[in-house]
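Below is one structure, written out as structure tokens; comments come after it.
The values are calculated or read from the model by the stated rules, or taken from the named source; none is laboratory data. Small disclaimer: the values here were computed from a predicted structure and weren't measured. Glycine also receives a Cβ, built like all others from the backbone with ideal geometry; neighbour counts cover every protein chain displayed.
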Amino acid sequence: MTMETLLFLAHTEPDGSLAKLALEALAAAQSLAQSLNNAPLVVGLMGPEVQAAADSIASCGATRFIGVRHEALRDAHYATDAAAAQTLCAAAQATLVIAAHTSRFARSMPGVALRLNGRVDTHVSGIPVNDGKAATNRWYYRQRIEGTLQRNQRPWIMLMDAGAAAPFQGTAKTVAVEMLPLTLGPETQRTRVTGFQSPPADQQTIRPEAALLFVTGAGWTKKQADGQPHVKEAEKLILDFLHGTRASLGSSKSLVDLSGEGQAILPFLTHLNQIGQTGSTPRHQKGLSTCCHGEEPHTVGWRFINERRAISLDPNCGWARGKADVLYVADAFAVMAKLNALLMQK
């Protein structure tokens, strides 16, 4: 069996550090190297500065640290990212490349694989070793089916999804980084990043790093006990809770799709907030579901939430029975009003 050479590949953040997602990929690379009879692990970093990032992971057990340092790597840009990643992969002579599935690498690494006559797999959820050979796990059909793949083609690039491993934790110390030259022609810098546009903080409802995911269901816009819908009240309760907790907001498909059915909607919800079915599968420490009816696609979307709680007036709904760790049989309007009052006191 041919000895594998592993390359952990990462780009630095604007402050020169490594993101949590990159540290998760590093932990996965460490584990894979150990499982492959302590295969050599090389760390490859790219960015305007890489020394601080290398020092922060100096104790990861890598046999070599290499880096590409260039001001053009400060911003995400396909041409420059691909050129830097190709340089690092070639210098490491890597057969297996493990990196985080960030937007930068998801855009650039398929091109790198083509240039190196290799293969790339995205959204990798695990890297097991079967019969002494590396493999990848990947979820299909909205996380209902998990597949395992093995490839003979090398180099094999693996982009790790968030939550696939616990982040690397180690002692920082100064480490020698071998800097590689990067020559960028004018054709690689024809595009310029002129700035960023983002919504104000109080309008941002999608927070992947939040500890709590708050999920709204279609019940928020339905008729309540008095026979009337209270959409404006629901909007205020939900936004006040998000403001007080800095939670991330998710929605079931039925609520997101109400706008197409001519019904009252919550104006701050879009398809970007949708989880389950054709939406995302978030990973948060805790989740609180309100006014949801427990459709199977929605509960599949919660597969990776560590602690799931629900508020529902129906103790027999599919979500309440078996899908939630804790169920509050109560009116979500009343519960959220009380919660918001307690948050205001703090």
Mind checking which residues of segment 129-153 are touching a strand residue (DSSP E or B) at 6+ places or on another chain (Cβ under 8 Å) and either of a type in the set (D, E, K, R) or in contact (Cβ under 8 Å) with a residue 40 or more places away in the chain (or both)? 134, 138, 139, 146, 151
Hey, does segment 230-239 have a residue that's touching a Lys or Arg at 6+ places or on another chain (Cβ under 6 Å) and under 29 Å from residue 287 (Cα atoms)? no
Kindly indicate whether any position in segment 31-51 is without any contact (Cβ under 8 Å) to a residue 40 or more places away in the chain and of a type in the set (Ser, Thr, Tyr). no
Quick check on my filter: what residues within segment 191-205 are touching a residue at least 12 places away in the same chain (Cβ under 8 Å) and either closer than 30 Å to residue 138 by Cβ or part of a loop (DSSP other than H, G, I, E, B) (or both)? 191, 193, 205
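Quick check on this structure: which one of 158, 109 is touching a helix residue (DSSP H, G or I) at 6+ places or on another chain (Cβ under 8 Å), within 26 Å of residue 52 (Cα to Cα) and surrounded by 14 or more Cβ atoms within 10 Å (Cβ to Cβ)?
On the way: 158 fails: touching a helix residue (DSSP H, G or I) at 6+ places or on another chain (Cβ under 8 Å).
Matching residue, one of 158, 109: 109.
Take segment 184-195 and flag every residue that is among the polar types (S, T, N, Q) and under 12 Å from residue 71 (Cα atoms).
Going residue by residue through segment 184-195, those that are among the polar types (S, T, N, Q) are 188-189, 191, 194.
The answer is 189, and nothing else.
Per-residue answers, yes or no, for (1) over 24 Å from residue 5 (Cβ atoms); (2) over 17 Å from the mean Cα position of the chain (by Cα); (3) assigned to a helix (DSSP H, G or I):
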| position | (1), (2), (3) |
| --- | --- |
| 86 | no, yes, yes |
| 99 | no, no, no |
| 117 | no, yes, no |
| 138 | no, no, no |
| 148 | no, yes, no |
| 162 | yes, no, no |
| 174 | yes, yes, no |
Could you look through segment 176-192, keep only residues that are under 29 Å from the mean Cα position of the chain (by Cα) and of a type outside the set (S, T, N, Q), and pick out the one that is farthest from residue 76 (Cα to Cα)? 177
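Conditions (1) surrounded by 13 or more Cβ atoms within 10 Å (Cβ to Cβ); (2) basic (Lys, Arg); (3) touching a helix residue (DSSP H, G or I) at 6+ places or on another chain (Cβ under 6 Å), marked per residue:
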| site | (1), (2), (3) |
| --- | --- |
| 197 | no, no, no |
| 200 | no, no, no |
| 227 | no, no, no |
| 235 | yes, no, no |
| 240 | yes, no, yes |
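Matching residues to (1) at pLDDT below 70; (2) surrounded by 16 or more Cβ atoms within 10 Å (Cβ to Cβ):
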position: 256; (1), (2): yes, yes
position: 261; (1), (2): yes, no
position: 267; (1), (2): no, no
position: 275; (1), (2): no, yes
position: 282; (1), (2): no, yes
position: 290; (1), (2): no, yes
position: 294; (1), (2): yes, yes
position: 298; (1), (2): yes, yes
position: 305; (1), (2): no, yes
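I'd like to check something: does segment 209-225 contain any residue that is in a helix (DSSP H, G or I) and exposed (fewer than 13 other Cβ atoms within 10 Å of the Cβ)? First the steps, then the outcome.
Here is the first cut: in segment 209-225, the ones in a helix (DSSP H, G or I) are 218-221.
Filter once more, keeping what is exposed (fewer than 13 other Cβ atoms within 10 Å of the Cβ): none.
The answer is no, given that none of the residues of segment 209-225 is in a helix (DSSP H, G or I) and exposed (fewer than 13 other Cβ atoms within 10 Å of the Cβ).
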List the number of the failed condition for residue 47; all other conditions in (1) more than 23 Å from the chain's Cα centre (by Cα); (2) at positive phi hold. (1)
Residue 246 vs (1) at negative phi; (2) modelled with pLDDT of 85 or more: all pass except (1)
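Regarding residue 21, is this residue over 18 Å from the mean Cα position of the chain (by Cα) and not β-branched (Val, Ile, Thr)? Steps first, answer last, please.
Numbers: over 18 Å from the mean Cα position of the chain (by Cα): no; not β-branched (Val, Ile, Thr): yes.
No.
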Within segment 10-57, take every residue that is part of a helix (DSSP H, G or I) and of a type in the set (S, T, N, Q) and give me the one that is surrounded by the most Cβ atoms within 10 Å (Cβ to Cβ). 30
